[in-house]
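Below is one structure, written out as structure tokens; the observations come after it.
Only the coordinates and a few stated rules stand behind these numbers; no lab work does. Model, not experiment: these values are computed from the prediction. With ideal geometry, Cβ positions are generated from the backbone for all residues, glycine too; neighbour counts draw on all protein chains shown.
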Amino acid sequence: MKQRRAGIKRKQADQPEDKTTCRTCSEEKMLDQMSSGSSSRCKACVADYMKRRLALDVHTRIRSGLRCRHWYALKRAKTSLVDRRTEEEIGCSIQELREHLERLFKPGMTWSNWGRLPDQWEIDHIRPCRSFDDLGDPDQRRQCFHYTNLQPLWMPENRSKSYLWDADNSM
């Protein structure tokens with residue numbers, strides 16, 4: 001019995017606690033190599049999955065590109081051709097969007113804690129992007145990304161909301 005316990009302790013000592021196994025590739029990785037959104041998959045596997053998904057699904061590619069462009073415009077808050085196109089889609093200037101979101105801030109929300117960690121907030125689409133049939137259609141895209149369809153939500157609240165939408169609701 002003592003030998004068995006000693007063997008278990010040796011095995012545990014050989015496997016540091018800061019490692020885990022990726023569910024996709026089955027490789028043992030350091031925790032800093034694991035995806036923050038899914039601790040069961042490594043960053044490389046998540047990146048490969050997203051690359052394949054973006055290549056195969058036009059709707060996802062459009063949605064991802066628009067979100068990235070809007071995020072970039074908000075972070076910089078400068079004017080350029082990209083920002084003007086973004087402003088046309090959201091229905092107001094970047095500064096007006098920032099002010100709109102600030103008016104909706106809940107206690108503790110600031111621009112410095114905007115992000116994707118559990119203690120940070122995200123920009124939520126009141127009517128989720130997935131509820132639109134075709135974001136390639138300029139009218140649907142404008143409705144989806146219009147500033148009145150955007151609100152700040154704490155990350156856990158936003159993730160629990162997911163993409164559920166009651167079609168009877170109106171914006």
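Could you tell me which of the pairs K19/K161; K29/K51; K19/K106; K43/K106; K106/K161 are separated by over 27 angstrom between their Cα atoms in the structure shown?
Working: K19/K161 31 Å; K29/K51 21 Å; K19/K106 37 Å; K43/K106 31 Å; K106/K161 17 Å.
Pairs exceeding 27 Å: K19/K161; K19/K106; K43/K106.
Which whole number in µm²/s is D for the stretch 112-171 by Stokes-Einstein, with the Kirkwood Rh taken over Cα pairs at 37 °C and 0.692 mPa s?
Values: Rh = 12.3 Å.
Reported coefficient: 267 µm²/s.
Under the 0.36 nm per residue contour assumption, what length would be gained going from the current alpha-carbon distance of R85 and W111 to full extension? Intermediate results must be reported in sequence, preceding the final value.
Numbers: separation 26, 0.36 × 26 = 9.36 nm, distance 2.28 nm.
Length difference between fully extended and current span is 7.1 nm.
If R₀ is 41 angstrom, what is the calculated FRET efficiency for the pair Q120 and L56, using the beta carbon separation as r and rounding to 0.05? Display every interim value, and only then the final one.
Numbers: r = 30 Å, r/R0 = 0.74.
Result of the calculation: an efficiency of 0.85.
Per 0.36 nm of contour for each residue apart, how much would the distance between W71 and K19 grow if the chain were fully extended, relative to their Cα-Cα spacing?
Working: separation 52, 0.36 × 52 = 18.72 nm, distance 3.26 nm.
Using 0.36 nm per residue and subtracting the Cα-Cα distance, I get 15.5 nm.
May I ask you to compute the full-extension gain from D134 to E28, defined as 0.36 nm times their residue separation minus their alpha-carbon distance, rounded to one decimal in nm? Can you show the working numbers first?
Details: separation 106, 0.36 × 106 = 38.16 nm, distance 4.01 nm.
Gain on extension, D134 to E28, equals 34.1 nm.
According to a simple spin-label model (label point 7 Å from Cα along Cα-to-Cβ), what is the distance in nm between A47 and L164?
Computed distance between label sites L164 and A47 equals 3.5 nm.
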